[in-house]
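Scroll down for the structure; my scribbles are underneath it.
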Amino acid sequence: MGNPIDKQAKSTLLPLTIVSGNSIPLSIMNTSADRFVHRLSYWRCFCLIATLSWCVFGSAYAATVLHWMTLSDNTWPGNIKKVVAAFEAQNPDIKIQLDTYPFRDLFETIEVRMKAQDKDVDLISVDVPLVASYSVRGYLAPLDAYFSKDQIEKTWIKASWQAGMYNGHFMAAPQNTSTQFMFVNRKLFRDAGIEPPKGLTSDQTVTYDQVAQIAANDRWTWEQVVDAAKKLTKTENGRTDVWGFEFDQVSRLYQLQCLGDSLGATLVGPDGLTAQGYFNSPGWLKAAQWYGDLFNKWKISPKNVTPDESPSLFSGGKVAIFVGGEWNVGRFKEAGVDFEVAPIPYFKEGKPASGTGSWHVGISKNSQHQPEAAKFIQFLCASDAGATVWFDGQGQSPAMIALWNKISADPKFHTFPDDAYLLGDYEAQRTAVPRPLTPAYLQLEDIFASTCEDIRNGVDPKEALDGAAQRLDVFFAQFKR
Amino acid sequence: MTYRRSAWIAYLLLSPALVCLAVFRLWPIATTLLGSLYSQSIMQAGKDVFVGLNNYTQLFRDPIFWESLWVTIKLNLVINPLQVFIALLLAIMANQRFRGIGFYRLLFFIPLGVSVPIASILWRIMLDPNSGLANSLINLVGIPSLPFLISKDQALWCIVAIATWKGASFWMIFLWAGLQDIPRQLYEAARIDGAGGISRFFRITFPLLRRPLLFVLITDTAVNFLLFVPMFLLTRGGPSYSTNVLMYEAYKSGFVYGDMGRALALVMVLLLLVIATVAIQFRLFSQEEAN
């Protein structure tokens, strides 16, 4: 039959021994040490139940974590974090984790992770000319379910939302757009005794009409730029201390496309997959010759400077005329440069043309959290709250119509240097030319950059363009099969 | 029976190494070969489809491939003998015994402590055509500035110089170890017999250093066929494709253009090229040894 006390103790201890995993000898239960062990076992039991409860019920309330592949360059991640913080404050159930990469590496990492069908990628920063390339290869999930046609047309400027479309589907939402200006170092112009072009300066307040007047009537030609740059370049004992002219994103397609566009020349045929006769057309040959002469004949631009380095040459007073993106306005203001902003030049026999398009945001096709990702895109790109935080921080030309209306009405944007946005608005409406629409944009961009680098380093422009056109057509042929 | 049992034990003891060889060497080669037979289909939203040898036939029709192949061969024809020769010279110098030799050995070892990316960036700064140290030095002796890495005629040889600066001291260690294995008495006996320095080198040092030399030559060849970092960091395959080696072209195809089938086909061609070169080197050395 057994001892009843033992039986009672046994029944009390049974769950504890199961939980603790140790059987406690019943004969020693009456000592203080036993009581301690007894209490400890209760604690273990309590902890285990609490942990299990947290696992079962707590996870139901855990936030959804979205992973966003985006840029790590300069001020970008810092400003993105501000938008993320604002979004998370409104949506505590969604957290955004940034996977940031430098500009050059971002595209390569997207290729690797998307090819591997990585489910940990929810949001992707898409350079706008790559929308077609990513869509055709199944990297992006369409956003049609989250954005109606009416909303799309009412939210963003036409050029931006159109650039996010592929095959009738809305694939990526515009985060911002971009424009190009000519920045002039006024001190270097004064020192050289040269009259600078008419532009936006700290001495005046302007209206949109005045800005439009400057852009329409006082825009310099590339020929005028070269004449001034020759006088501004200072060389002593074979070493150049001040360069007359420099491009921001040296040899990149985004930066240099305006040269061919100004002469009415396109890089690829209407099908987006023909280079011969376009990439090496007479217009592009003239543009390439002019680009090569900057470095080799006139020697007014420095060689071997990367796009990362070139803005610091202007902010350090080593370059007198700088053609680059509007995001440089804040950088140069902060550096204390005495500068003015003028419209981007054009060729005398051509027409004004400026670069445009920037970053869009898309949802990875492999994402397990597409509705949550769409919610974030709505906030960042289509809501006043998110887009304003982004614009205030990063300062890139907005793609949202509401923000442009705000800019036009705000007196702050009629004084220097914020009045540059008025000029950006003018360029976006009158001179902006989007980059070529081709599913082989990655190849086009890479071959364009290496060709322009070759030309910069002294290769004959005709030889370089002919070789590049032939190479491109080999790649394009794969997309025609 | 005893033989069978001992063979089993040998295989058992070798099995961890064999498993590692299969997992880390043979399996990647097999998947590369398989992958090179597939291509991304634009018509099927980027899905990989079997295309047989199409990636290879496309490659052989592509002028960029032949240009890259020629650059790779040209680079290796120069860099491998050069690195082994300099490594041998350094090893012979490091093997000398005189006062202060420790300082020279330290100098030889310095490049070993610098990683390839850091070395590439340092050399890029030094070879900058606008404000680099190299041009400042050659200007001092009245020679005009050189373009170095931005010239299609000089860029490849600059990369050869940078890779040799870094690589020679590494290969020197193996040859130095080989030199230390040669008994000193052989040199003393040869000296007593009236053999000069050159005679001692060709009759004692070179024959007895054959095995370490073969190892260094083969490993160095394999490493240089896959040389990638200086091209990636310094020239991006340019100017005018003059440094666009097969390895860089494969990287670009796979990770920049997203064409993994072409990239894997390029890697397979590169693998065959390395195997063929190493086989020739083996054969030449074995014949000499037999003679």
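The values are calculated or read from the model by the stated rules, or taken from the named source; none is laboratory data. Being a predicted model, the structure only gives us computed values, none of them experimental. Here the Cβ is made from the backbone with ideal geometry for all residues, glycine too, and neighbour counts use every protein chain on show.
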**Asked** Consider B:Gln96 against the criteria (1) polar (S, T, N, Q); (2) farther than 22 Å from B:Tyr251 by Cβ; (3) surrounded by 14 or more Cβ atoms within 10 Å (Cβ to Cβ): it satisfies all of them except one. Which criterion is unmet?
**Response** (3)
**Message:** Taking the condition of being within 12 Å of another protein chain (Cβ to nearest Cβ), charged (D, E, K, R) and assigned to a helix (DSSP H, G or I), how many residues in the stretch A:420-465 meet it?
**Reply:** 6
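Listed here are the residues, each with its yes/no results for (1) among the charged types (D, E, K, R); (2) surrounded by 13 or more Cβ atoms within 10 Å (Cβ to Cβ); (3) at pLDDT below 90.
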position	(1), (2), (3)
B:Ser15	no, no, no
B:Leu34	no, no, no
B:Ala45	no, yes, yes
B:Asn76	no, yes, no
B:Ile92	no, yes, no
B:Phe108	no, yes, yes
**Complete:** Those residues of the stretch B:249-273 which are modelled with pLDDT of 95 or more and among the β-branched types (Val, Ile, Thr) amount to B:Val267, B:Val269
**Asked** Just to be sure, is B:Val49 outside any helix (DSSP H, G or I) and either within 14 Å of chain A (Cβ to nearest Cβ) or within 23 Å of the chain's Cα centre (by Cα) (or both)?
**Response** yes
**Request:** Inspect all residues belonging to the stretch A:100-118 and state whether any of them is within 14 Å of chain B (Cβ to nearest Cβ) and closer than 27 Å to A:Pro345 by Cβ.
**Result:** yes
**Asked** When the stretch A:344-368 is examined, which residues are found to be more than 11 Å from A:Arg219 (Cα to Cα), touching a strand residue (DSSP E or B) at 6+ places or on another chain (Cβ under 6 Å) and part of a loop (DSSP other than H, G, I, E, B)?
**Response** A:Ala353, A:Thr356, A:Lys365
**Asked** In the stretch A:218-242, which residue that is touching a helix residue (DSSP H, G or I) at 6+ places or on another chain (Cβ under 7 Å) and over 23 Å from A:Gly260 (Cβ atoms) is farthest from the other protein chains (Cβ to nearest Cβ)?
**Response** A:Lys231
**Condition met for A:Ser367 (more than 14 Å from chain B (Cβ to nearest Cβ), without any contact (Cβ under 8 Å) to a residue 24 or more places away in the chain and within 23 Å of the chain's Cα centre (by Cα))** = no
**Request:** Scan B:Gly197, B:Gly178 and give me the residue that is loosely packed, with under 14 Cβ neighbours inside 10 Å and more than 14 Å from chain A (Cβ to nearest Cβ).
**Result:** B:Gly197
**Message:** For the stretch A:466-481: of the residues being part of a helix (DSSP H, G or I), facing chain B (nearest Cβ under 10 Å) and among the charged types (D, E, K, R), which is surrounded by the most Cβ atoms within 10 Å (Cβ to Cβ)?
**Reply:** A:Arg471
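Answer with yes or no whether B:Tyr248 is away from every other protein chain (no Cβ under 11 Å) and among the hydroxyl-bearing types (Ser, Thr, Tyr).
For B:Tyr248, the condition - away from every other protein chain (no Cβ under 11 Å) and among the hydroxyl-bearing types (Ser, Thr, Tyr) - is met.
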**Item:** Among the candidates B:Leu233, B:Leu246, B:Leu226, residue that is under 30 Å from B:Asp128 (Cα atoms) and at pLDDT 95 or above
**Value:** B:Leu246
**Asked** Residues of the stretch B:117-132 being surrounded by fewer than 17 Cβ atoms within 10 Å (Cβ to Cβ) and either away from chain A (no Cβ under 14 Å) or outside any helix (DSSP H, G or I) (or both), which ones?
**Response** B:Ile118, B:Leu122, B:Asn130, B:Ser131
**Message:** What's the total number of residues in the stretch A:392-417 that are among the aliphatic types (A, V, I, L, M) and at positive phi?
**Reply:** 0
**Request:** Would you confirm whether any residue within the stretch B:133-143 is more than 25 Å from B:Ile73 (Cβ to Cβ), within 13 Å of chain A (Cβ to nearest Cβ) and surrounded by 17 or more Cβ atoms within 10 Å (Cβ to Cβ)?
**Result:** yes
**Request:** Please work out which one of (1) farther than 17 Å from A:Leu380 by Cα; (2) polar (S, T, N, Q); (3) surrounded by fewer than 17 Cβ atoms within 10 Å (Cβ to Cβ) is the condition A:Gln151 fails and give its number.
**Result:** (1)
**Message:** Which of the numbered conditions does A:Glu340 fail, given that it passes all the others? Conditions: (1) over 22 Å from the mean Cα position of the chain (by Cα); (2) under 30 Å from A:Trp68 (Cα atoms).
**Reply:** (2)
**Item:** Residues of the stretch A:212-233 satisfying the condition of being within 12 Å of A:Ser301 (Cβ to Cβ) and surrounded by 15 or more Cβ atoms within 10 Å (Cβ to Cβ)
**Value:** A:Val225, A:Val226, A:Ala229, A:Leu232, A:Thr233
